[in-house]
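No value in this document is a laboratory result; all are computed from the given coordinates. Just so it is clear, the model here is predicted, and its values are computed rather than measured. Counting neighbours? That spans all protein chains shown, and the Cβs are built from the backbone with ideal geometry, glycine included.
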Amino acid sequence: MSRKPDKKASAVRRARAAALREQAQRSERRRRRLIALAVSVVVLAVIAGITIALLRTSDEPTTSRTPAQEGIPTTPVKTASGRTTEPPWDPPSDPSARVEAAGLPMLGEEGNVEHIHAHLDVLVNGKPVSVSADIGVDEQAQQISPLHTHETNGVIHIESPVKAGFSLGQFMTEWNVALTKDSIGGLKTADGNEFRAYVNGKEYPGNPAAIEFRQHDQIALVYGPKDQKVEVPSSYDWPEGE
């Protein structure tokens, strides 16, 4: 005699199977949460480690390079060598050689540790002589001296990677124009002519090549007859932010 299926037992088996599946699903979800938590902890630990390392690095003193390491003399050369011809004085054909003659290095880019500007006027017989553009700039080599010009407006840029002094003598050597106490280029004190130098409107005694640049100095080199009246500039109208 055949027995009918026990509906109650079948229902129990199905319930048990469902419970087992639910338990398995809960275990899987718990396992995934634990993995996600572990990954988050690892990521946070890595981020914290990087942050601490960066903070320690920022707190450590930066080692500054010295002028000697950059090839820049601590005390600038205070004489000038160059052409002994009359103006105009074009920019030198080999700017790198002139920068070397001034005892300065050529840089791959302008420095920003020492960053000042000065202005130079050259007056001969009462008339201005143009200060060449791109003095100390070697376009072909894509290099630049920490002491240079960009335009013909007489503005001299000092943009050095280290703190150091820079002189008018170095600049005139870069320009390849001789400068002494009694002469500029081929113009000498003689036959009723005189040569004088001024800084911010005041006459400078001695060799003007020794003048060290200061922020917004106005330097004037004046040559001409002794009795000629020349208005010597004492300042320059600097653009805002320069």
In terms of modelled amide H atoms, which long-range or inter-chain residues lie less than 5 Å from the amide H of Val177? Arg83
Loop GluC sites (Glu not before Pro), region 88-118, which have at most 14 other Cβ atoms in a 10 Å radius of their Cβ (DSSP): Glu109
If you average the C-alpha positions of region 70-87 and of region 120-195 separately, how far apart do those two centres end up, in angstrom? 9
How large is ³J(HN,Hα) for each residue in region 185-192, as worked out from phi by the Karplus curve 6.51 cos²θ - 1.76 cosθ + 1.60 (θ = phi - 60°), to whole Hz, x for Gly and Pro? x, x, 9, 10, 5, 5, 6, x
Peptides 216-224, 168-176, 148-156 ordered by average Cβ neighbours within 10 Å, highest first: 168-176, 216-224, 148-156
Considering the options Gly192, Pro233, Val177, tell which one lies farthest towards the positive end of the dipole of region 171-242, charges being +1 on Lys and Arg and -1 on Asp and Glu at the Cβ, about the Cα centre. Gly192
Enumerate the amide H contacts of Ile156 below 5 Å, restricted to partners 5 or more residues apart or on another chain; note that Pro and chain-start residues carry no placed amide H. Ala118, His119, Leu120
